[in-house]
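Okay, so here's the structure we're looking at.
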There are 2 protein chains.
Amino acid sequence: MASSTVEPASAGNGGSVPPVTPDQIMQLGLGFWGSKTLLSAIELGVFSTLASGPAGEEDLRRRLDLHERSSRDFLDALVALGMLERGPRGYRNTAATDFFLDRAKPSYVGGLLEMANARLYGFWGSLTEALHTGELQNEAKGGGEDLFAALYADPDRLRGFVAAMSAISAGAALAIAQKFPWDRHHTFCDVGSAQGAVPVHVALAHRHLTGIGFDLAPVGPIFEDFVASFGLEERVRFVAGDFFADPLPAADVLVMGHILHDWGMDDKLKLLRSAHDTLPDGGALIVYDAIIDDERRENAFGLLMSLNMLIETREGFDYTGADCRGWMAEVGFRESYVEPLVGPDSMVVAVK
Amino acid sequence: MASSTVEPASAGNGGSVPPVTPDQIMQLGLGFWGSKTLLSAIELGVFSTLASGPAGEEDLRRRLDLHERSSRDFLDALVALGMLERGPRGYRNTAATDFFLDRAKPSYVGGLLEMANARLYGFWGSLTEALHTGELQNEAKGGGEDLFAALYADPDRLRGFVAAMSAISAGAALAIAQKFPWDRHHTFCDVGSAQGAVPVHVALAHRHLTGIGFDLAPVGPIFEDFVASFGLEERVRFVAGDFFADPLPAADVLVMGHILHDWGMDDKLKLLRSAHDTLPDGGALIVYDAIIDDERRENAFGLLMSLNMLIETREGFDYTGADCRGWMAEVGFRESYVEPLVGPDSMVVAVK
């Protein structure tokens, strides 16, 4: 009769079953607290500020324009969340936050989280509606402007977006450079290259390769600047085009990273068919995304990314390795395999 | 030059330091995805629906009115998040979600998460503003109506709120019943009793005790119903009053749970002084909350709860055991100690 944490219906053996508690449920349900705390910290520039050295609470409060009511709670929450450390000289970044959340560093991944803070957090407030209707919940909702159209029309927003994409893709790009057998190929093309993380890392690691970044025209200058900053302009060039309307540039290896999940089934097949048509015999297609495990029970990030596609796109969805290999066979590739890259990302490689 | 995950500035020893990766940062920054997914599941009644037995995807989709675009992603995400299980007979609750998230059970803790979904998620979108201004961000912002005033004026909302409080307090209430030396006392009063989780669990465990629930008048009928449902109406009664305006009912032991954190420093001291004045010599005050560890680096939940007080109240904040013991000494208690209860909650006991 009494509600308690120690006697759920399943423990019919006199209480020797360890009690179920609501802790995991509450921690997940209120998990947006810690998440938004980090997002606000990135927005406020906490980590960029501390990249120049440790600082005490009063100093940080002044520099970040924090009200004294909750500044200490905020900073100590970041310590408890593992995002800051605190010692005799005050607050300081961890090794990871110093490397990845300092705006001044090329390794900055905060761009995507700044977008999450400014856009996604709010849109995800409409998740229940999206689950009922199947309709996206971002700026394009109800006839508003499509996300990509708006981004590509605004050079500053585009620059920020593609830089964010690069930072998130850097780990996968490095893993692709390391794990794929590049020595048997000569040329590659990254389809939907954005800033160019993959072409850069692959070209740096394999001096015999030349490559192309293929994306809509506004990306061109951003891509070329990025490639030039690594001294690779002789070996990596930009080709402007629309991967639905135009033929893909010829190459031995095509790469499609964080591309397929933006599109519905028909468009996914269209892209895969286009890749198959473009490749020579023996050529390869590398698809990478937060590939969901075939049993669809482990890769929470991939499954949640698919819900993010519900929020952000008209028809996009994430998929399993088995899904992708099936589509690749359907468009004519003779063999394929799945290989983990880093974190939640894997690549699915198809050979013609 | 190349941005990568393997060579942060701190690894000056040729790369034998394990690489820092952005995974923990990204998981936390995007943690609102998993959090909102659970909140939407509670809103949709997923767990209440499955409490009657397992169900397949198509069946659930129909019963929950989910669009087919993302229903499978949503349900499988809940599996990957540990909130559902999936087997040959379809989706089913876990032991914990069946016990704590089925609306039909007295152990339901979803009420607080329903409030988090309907109110807190949105208000926390304004965390950055709150950190700059020190101002709350809920309905009372800019002169709107105070949360408690609105709640207490609406019997249905009040019933839901106090039931949610009870469910969350049940674990702590049981622990207080077990850990405090009740045998040396005769009477108790729970100050700000809400529905009455503490009086009920304490009275059930200690048959020699009689007790009082003290709260604003609208809570009375709800408290009395709850107490009567346990057959305790002869031993536990309700006294209506305002713990700032009225004297506290006399008792050997006073309890203040999830009360102090709602108030600013002056009001905290006022309540503690009032408790000290009311108690007989040898009497005890039990304060409980998500007590922050003295070093303010471990109890992330307590620190984040303090930020929730920033969002929800004009002056409220959470505190450490050392803070509380200091205030208790200041108002005249002769001794005090801190004892963990369950999960993030602890009690701070003061003896007069």
Taking the label point 7 Å from Cα along the Cα-Cβ vector, the copy-to-copy distances for A:Gly241, listed from shortest in nm with one decimal, are 8.2
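Using only alpha carbon pairs under 8 Å that are at least six residues apart, calculate the relative contact order of the range B:157-219 and give it in whole percent.
Values: 79 pairs, mean separation 23.2, N = 63.
Rounded, it is 37 percent for the range B:157-219.
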With -39,500 (n - 2.57) per DSSP H segment of 4 or more residues and division by the full residue count of the protein assembly as shown, the 222 nm estimate, nearest 500 deg cm²/dmol, is -12500 deg cm²/dmol
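Can you sort B:Thr133, B:Thr49 by solvent-accessible area, 1.4 Å probe, largest first? Show your work: numbers first, answer last.
Details: B:Thr133 55, B:Thr49 30 Å².
If we order B:Thr133, B:Thr49 from most to least accessible, we get B:Thr133, B:Thr49.
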Under the rule rounded for a/c under 1.5, else prolate if a/b exceeds b/c, else oblate, using alpha carbon gyration tensor axes a ≥ b ≥ c, the range A:301-352 is classed as oblate
Per the charge dipole of the range B:182-275 (beta-carbon charges, Lys/Arg positive, Asp/Glu negative, Cα centre), the residue among B:Leu260, B:Phe230, B:His208 reaching farthest to the positive end is B:His208
Mean separation of Cα contacts under 8 Å (at least 6 apart) over the residue count of chain B, i.e. the relative contact order in percent, is 11
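Provide the percentage of antiparallel DSSP beta bridges, counting only those with both residues in the protein assembly as shown; round to the nearest 5.
Working: 36 of 74 bridges.
Antiparallel: roughly 50 percent of the beta bridges in the protein assembly as shown.
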If N is the residue count of the range A:206-352, its Cα Rg over 2.2 N^0.38 Å rounds to 1.07
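Below 8 Å, C-alpha to C-alpha, sequence gap of six or more: please give me the relative contact order for the range A:105-222 in percent. All intermediate terms of the calculation are to be shown ahead of the outcome.
Numbers: 121 pairs, mean separation 26.8, N = 118.
It rounds to 23 percent for the range A:105-222.
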The Cα radius of gyration of the protein assembly as shown, divided by 2.2 N^0.38 Å with N its residue count, comes to 1.07
Reported to the nearest 10 Å², A:Glu295 has, with a 1.4 Å probe, an accessible area equal to 120
Sorting from shortest, the nanometre distances separating the label point of A:Arg273 (7 Å past Cα along the line to Cβ) from those of the same residue in the other copies are 8.0
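What's the local net charge at B:Gly53, with K and R +1, D and E -1, over the other residues with C-beta under 9 Å away? Before the final figure, lay out each step's value.
On the way: positive: B:Arg89, B:Arg92; negative: none.
Net charge around B:Gly53: +2.
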Projected onto their principal axes, the Cα atoms of the range B:18-116 stretch, largest extent first, over whole-Å spans of 48, 29, 23
Bridge orientation stat for chain B from DSSP, antiparallel percent rounded to 5, came to 50
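What net charge is computed for the residues neighbouring A:Val338, neighbours being all others with C-beta under 10 Å from the C-beta of A:Val338, Lys and Arg scored +1, Asp and Glu -1? If you can, show how the numbers build up before the last one.
Values: positive: A:Arg325; negative: A:Asp293, A:Asp294, A:Glu339.
Here the count lands on -2.
Compute the semi-axes of the equivalent ellipsoid of the range B:155-210, taking the square root of 5 times each eigenvalue of the Cα gyration tensor, and list them largest first in whole Å.
Values: eigenvalues 107, 26, 11 Å².
Largest first, the range B:155-210 gives 23, 11, 8 Å.
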For B:Lys141, counting only lysines whose alpha-carbon sits under 29 Å away and dropping same-chain residues fewer than eight positions off, the answer is A:Lys36, A:Lys141, B:Lys36, B:Lys268, B:Lys270
For A:Ser346 the rounded accessible area (nearest 10 Å², probe 1.4 Å, non-protein molecules ignored) is 20
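Please report, in debye to the nearest 20, how large the charge dipole of the protein assembly as shown is about its Cα centre when each Lys and Arg carries +1 at its beta carbon and each Asp and Glu carries -1 there.
Numbers: 58 positive and 98 negative charges, 172 e Å.
Result for the protein assembly as shown is approximately 820 debye, rounded to the nearest 20.
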In the range B:189-291, the GluC sites (Glu not before Pro) that sit in a DSSP loop and have at most 13 other Cβ atoms within 10 Å of their own Cβ are B:Glu233, B:Glu234
Rounded to whole angstroms and listed largest first, the alpha-carbon spread of the range A:270-327 along its three principal axes comes to 36, 25, 14
Scattering profile of chain B from the Debye formula, Cα beads only, expressed as log10 I(q)/I(0) at q = 0.06 Å⁻¹, is -0.27
Per residue, accessible area of the protein assembly as shown with a 1.4 Å probe, heavy atoms of protein chains only, in Å², comes to 39
Reported to the nearest 10 Å², B:Met305 has, with a 1.4 Å probe, an accessible area equal to 30
Output for the range B:62-136: trypsin sites (Lys or Arg not before Pro) sitting in coil per DSSP, at most 10 other Cβ within 10 Å, listed by number, reads B:Arg89
One finds the C-alpha centres of the range A:245-262 and the range B:22-44 to be spaced, in Å, by 31
Karplus-derived 3J(HN,Hα) from phi for the range A:241-255 (6.51 cos²θ - 1.76 cosθ + 1.60, θ = phi - 60°), whole Hz, x at Gly and Pro, runs x, 10, 5, 9, 8, 10, x, 6, x, 5, 6, 6, 10, 10, 10
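I need the fraction of alpha carbon pairs in the range B:49-183 separated by more than 25 Å, rounded to a whole percent.
Numbers: 4378 of 9045 pairs.
Percent of Cα pairs beyond 25 Å in the range B:49-183: 48.
Mind putting a number on the dipole of chain B about its Cα centre? Charges go on the C-beta only, +1 for Lys and Arg and -1 for Asp and Glu, and I need it in Debye to the nearest 20.
Details: 29 positive and 49 negative charges, 152 e Å.
Charge dipole, chain B, about its Cα centre: 720 debye, nearest 20.
Roughly how big is the range B:197-267's charge dipole about its Cα centre, with Cβ charges of +1 (Lys, Arg) and -1 (Asp, Glu), in debye to the nearest 20? Walk me through the numbers before you get to the answer.
Details: 3 positive and 11 negative charges, 79 e Å.
The dipole magnitude comes to about 380 debye.
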Sorting from shortest, the nanometre distances separating the label point of B:Asp183 (7 Å past Cα along the line to Cβ) from those of the same residue in the other copies are 7.8
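Scan the range A:42-140 for chymotrypsin sites (Phe, Trp or Tyr not before Pro) in coil per DSSP, keeping those whose Cβ has at most 15 other Cβ atoms within 10 Å, and list them by number. Could the numbers behind the result be given before it?
Values: sites: A:Phe47, A:Phe74, A:Tyr91, A:Phe99, A:Phe100, A:Tyr108, A:Tyr121, A:Phe123, A:Trp124; in loops: A:Tyr108.
Listed in order of number, the matching sites amount to none.
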Share of Cα-Cα pairs in the range A:203-250 beyond 16 Å, whole percent, is 40
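Could you give me D for the range B:137-242, from Stokes-Einstein at 25 °C and 0.890 mPa s, where the hydrodynamic radius is the Kirkwood radius over C-alpha pairs? Units µm² s⁻¹, please.
Working: Rh = 14.4 Å.
Reported coefficient: 171 µm²/s.
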Taking the convex hull of the alpha-carbon atoms of the range B:70-142 and averaging its shadow over every direction gives an area in square nanometres of 7.4
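The values are calculated or read from the model by the stated rules, or taken from the named source; none is laboratory data. It should be emphasised that the depicted structure is a prediction, and the values quoted were computed from it without experimental measurement. Every residue, glycine as well, gets a Cβ built from its backbone with ideal geometry; the counts of neighbours run over all protein chains shown. In case anyone asks, the SASA skips ligands and DNA or RNA and just uses the protein heavy atoms, side chains included. Shrake-Rupley method; radii C 1.70, N 1.55, O 1.52, S 1.80 Å.
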